[in-house]
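Notes for the one structure printed next.
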Amino acid sequence: MSLPSDLKSNFPLLSQTINGHQIVYLDSAASSQKPDVVIEAMNNYYRTINANVHRGAYQIAAEATEAMEQARAKLATFIGAPSANEIVFTKNATESFNLIARSWGGQNLGPNDVVLISDMEHHANIVPWQILSAEKGFELRWIPLTPDGHLDLSQLDRLLNGVKMVSITAMSNVLGTLNPIREIADKAHSVGALMAVDGSQYVPHLPTNVVELGADLLCFTGHKMCGPTGIGVLWGRAEVLDAMPPFLGGGEMILDVRRDGFTPNELPHKFEAGTPPIAEIIGLGAAVDFLSSLGMSDVRQHEIDLTDYALRALTDRYGEEITIHGPSNASERGGVLSIQYRDVHPHDLSQVLDQRGICVRAGHHCAKPLMRELGVGATARASLYVYNDKSDVDALTESLAPAGELFAL
Amino acid sequence: MAGLEDLYKEIIIDHYRNPRNRGELDSPPAHKTEGFNPLCGDEVLLTFALKGEIIEELLISGQGCSISQASASMMSAAVQGKSIGEVRDLTRQFKAMMSIHEESIGADDPPPGDGHAFELGDLEALKGVVKFPVRIKCATLSWNTLLTGLDELEV
């Protein structure tokens with residue numbers, strides 16, 4: 001099976017032209033485009049059932065609540081979660097990590113403890129721990145990388161000494177590397193540590209099953225998986241989430257409030273203070289339906305094929321002039337291509353590409369420790385998704401040479 | 001629609017390919033100040049020597065895109081031999097060209113400049129950056145870094 005060839009027609013944004021060129025969107029690792037069904041689902045919510053959830057007894061309030069809870073159930077199924085009550089809605093993956101750090105970390109971490117992360121983490125899985133570490137005095141320890149952009153797990157047993165939490169990305173947003181989460185989770189569990197996973201680049205692109213991954217906690221965001229911005233997910237094993245104290249306080253997250261205190265609500269509402277982003281949750285539910293209808297195995301196969309095509313096309317054309325960071329085998333990586341072309345600065349490269357309607361990200365990709373490891377200040381990153389095809393890759397390949405003529409030193 | 005030729009003037013490419021005043025002075029005695037553009041990871045390190053109120057020498061190191069490097073190179077040429085007050089005036093003028101208008105720049109309560117208006121010369125070539133708002137921060141990085149360095153002298 002493969003993805004429908006006319007998939008672009010489902011994404012209204014992709015029909016426009018930029019600077020006289022058909023848009024070539026290659027920045028889905030930053031944010032994906034939205035299909036009509038997602039835009040319509042949110043539109044429809046506002047036009048027909050807009051009301052606050054978990055409050056009113058009237059019909060549209062009940063319908064809004066039902067639509068939101070259906071979305072929660074869809075997400076649970078999508079990631080293989082045993083229960084919809086384990087799906088906590090947050091603002092984004094960053095908030096999910098802050099929730100874990102503040103709630104679990106605040107309760108469980110002290111001066112003699114260690115949190116183990118890696119050199120390829122996004123700032124979202126670094127800075128919340130650093131902030132907490134400054135308060136609690138625990139050690140933040142880093143798994144190094146191998147030269148070809150994998151985690152160097154040769155010293156993992158030693159690194160795990162004293163560790164209470166391992167928090168690792170399932171797929172690097174810069175290198176595309178897919179990490180052996182199950183192997184790391186098993187080792188983490190063997191020393192009594194919890195395993196948190198950054199699924200921001202993984203869940204949108206590969207079939208995901210939290211039980212098979214061996215994760216205790218999983219963070220991801222809606223807008224990278226055809227859903228809207230402003231909605232993210234924290235999944236956690238019920239036992240883990242139950243033991244964690246509330247994060248934000250306010251409405252919805254309580255069962256009772258008295259002058260002398262409060263009783264927190266049950267899962268998942270304990271972690272969902274205030275009116276949630278209802279339209280966005282419903283939109284994310286529609287995105288899950290859309291991806292499920294494509295089939296995540298086919299999504300993954302499409303991206304392996306296209307990544308393989310891109311790696312070949314770029315290296316065949318440019319040889320020594322181009323460096324593509326991360327694993328060279330498409331089956332070991334996602335469709336994230338961080339490129340150094342000659343000595344053209346990524347900012348200048350992306351400016352030239354923009355003139356041709358090609359959207360790539362230039363910068364440090366919220367992964368400055370990794371940039372230092374790679375010895376670069378920035379990269380230009382092209383990232384692929386369901387709607388991309390060979391013509392997008394060809395446009396990118398064709399456009400590097402003109403940038404080189406202008407800027408190579 | 002602004003085209004690439006509005007942004008990448010020949011003289012900008014020249015300063016990018018052949019940056020002026022590259023390097024580092026020994027500090028101390030030279031003053032040293034560092035700036036970052038968190039958006040794109042560009043870094044600039046300025047070292048400068050003062051003789052009284054006059055910037056006698058200023059060298060630049062770091063790395064970045066053509067706009068940030070060319071702007072830094074042009075700035076290094078423009079500020080040598082100017083007084084601190086003149087440099088503040090020139091910076092204000094340059095940032096105004098970048099559509100950044102400030103009552104005060106740099107520190108909360110900076111010493112006033114001397115009110116000079118300068119010929120911008122090569123710096124005029126950066127005017128096109130205004131049409132590319134994302135790149136304004138690239139063009140102003142070295143200038144803001146220098147202001148920070150001058151502010152540090154005042155405290």
Exercise for the section: Evaluate 2.2 N^0.38 Å with N set to the residue count of region A:329-409, then give the Cα radius of gyration divided by it. Expected result: 1.10
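At a 1.4 Å probe radius, which order do B:I13, A:I143, B:I54 fall into by accessible area, largest first? Show your work: numbers first, answer last.
Values: B:I13 20, A:I143 0, B:I54 65 Å².
The residues order as B:I54, B:I13, A:I143, largest area first.
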Completion exercise
Interface A-B: total buried accessible area (1.4 Å probe, Å², nearest 100) of 1700 Å²
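Given R₀ = 51 Å, FRET efficiency for A:T323-A:A57 by Cβ-Cβ distance, to 0.05?
0.25
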Practice task
With runs of 4+ DSSP H residues as the only contributors, calculate the mean residue ellipticity of chain A at 222 nm using -39,500 (n - 2.57) per run, divided by the residue total and rounded to the nearest 500.
Solution key: -11000 deg cm²/dmol
Exercise for the section: Can you tell me the 0 to 90 degree angle between the C-alpha axis of helix A:59-78 and the longest principal axis of chain A, rounded to 10? Expected result: 60 degrees
Practice task
Could you tell me which helices of chain B pass both thresholds, a Cα extent of 15 Å or more along their own axis and a mean Kyte-Doolittle hydropathy of at least 1.6, with helices taken as whole DSSP H runs?
Solution key: none
Fill in the blank from the handout: Once the mean of 1/r over all distinct C-alpha pairs in region A:140-285 is inverted, the Kirkwood radius in Å reads 17.1 Å
Problem - chain A, relative contact order in percent, only Cα pairs under 8 angstrom and at least six apart counted - result: 22 percent
Fill in the blank from the handout: Restricted to the protein assembly as shown, the DSSP antiparallel beta bridge percent, nearest 5, is 70 percent
Practice task
Give, in nm to one decimal, the length gained when the segment between B:N18 and B:F118 is fully stretched (0.36 nm per residue of separation minus the Cα-Cα distance).
Solution key: 33.6 nm
Exercise for the section: Please determine, in degrees from 0 to 90 and to the nearest 10, the orientation of helix A:390-407 with respect to the longest principal axis defined by the Cα atoms of chain A, where the helix direction is its Cα long axis. Expected result: 60 degrees
Practice task
Give me the accessible area per residue for region B:4-154, probe 1.4 Å, as a whole number in Å².
Solution key: 45 Å²
Exercise for the section: Would you mind getting me the FRET efficiency between A:N209 and A:K390? Use the beta-carbon distance for r and R0 = 35 Å, nearest 0.05. Expected result: 0.70
Handout entry: Occluded residues from region A:366-409, i.e. those whose accessible area drops by 50 Å² or more once the chain is not alone (1.4 Å probe)
Key = A:L406, A:F407, A:L409
Exercise for the section: Report which residues of region B:2-17 become buried by 40 Å² or more of accessible surface when going from the isolated chain to the complete set of protein chains (1.4 Å probe; DNA, RNA and ligands ignored). Expected result: B:L4, B:Y8, B:Y16, B:R17
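Taking each residue of B:134-145 in turn, how many C-beta atoms of other protein chains fall within 10 Å of its C-beta, and what is the average? Walk me through the numbers before you get to the answer.
Working: counts 5, 3, 0, 0, 3, 0, 0, 0, 0, 0, 0, 0.
Average per residue, whole number: 1.
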Handout entry: Alpha-carbon centroids, region A:149-163 and region A:1-57: separation in whole Å
Key = 40 Å
Completion exercise
On the accessible surface of region A:217-349, probed at 1.4 Å with all protein chains in place, carbon and sulfur together account for a percent value of 48 percent
Fill in the blank from the handout: Rounded to the nearest 10, the angle in degrees between the Cα long axis of helix A:346-355 and the longest principal axis of the Cα atoms of chain A comes to 80 degrees
Problem - Convex hull of Cα atoms in chain A, direction-averaged projection (nm²) - result: 21.1 nm²
Problem - Pair B:A77, A:E40: separation of 7 Å Cα→Cβ label points (nm) - result: 5.9 nm
Completion exercise
Given a Förster distance of 22 Å, the FRET efficiency implied by the Cβ-Cβ spacing of A:S331 and A:S297, rounded to the nearest 0.05, works out to 0.95
Handout entry: Cross-link pairs beyond the 20 Å C-alpha cut-off, checked among A:K34/A:K91; B:K9/B:K137; A:K224/B:K131; A:K34/A:K74; B:K95/B:K127
Key = A:K224/B:K131
Exercise for the section: On the protein heavy atoms, probe 1.4 angstrom, tell me the percent of accessible surface of region B:4-154 carried by carbon and sulfur. Expected result: 49 percent
Exercise for the section: Please give the per residue accessible area of region A:39-293, computed with a probe of 1.4 Å over protein heavy atoms only, in Å². Expected result: 39 Å²
Exercise for the section: Would you look at the GNM of chain A, springs on alpha carbons closer than 10 Å, and say which of A:D343, A:D119, A:D354 moves the most? Expected result: A:D343
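Just to make sure I understand: if all protein chains stay in place, what is the order of B:D151, A:D157, B:D122 by accessible area at 1.4 Å, largest first?
Highest to lowest solvent-accessible surface, that is A:D157, B:D122, B:D151.
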Handout entry: Alpha-carbon Debye profile of region B:4-154, log10 I(q)/I(0) at 0.12, 0.14, 0.15, 0.21 Å⁻¹
Key = -0.44, -0.61, -0.71, -1.48
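The values are calculated or read from the model by the stated rules, or taken from the named source; none is laboratory data. Computed from a predicted model, the values in this text were never measured in an experiment. Every residue, glycine among them, receives a Cβ derived from its backbone with ideal geometry; neighbour counts consider all protein chains shown. Note: accessible area is taken over every heavy atom of the protein model, side chains too, but ligands, DNA and RNA are not part of it. Shrake-Rupley method; radii C 1.70, N 1.55, O 1.52, S 1.80 Å.
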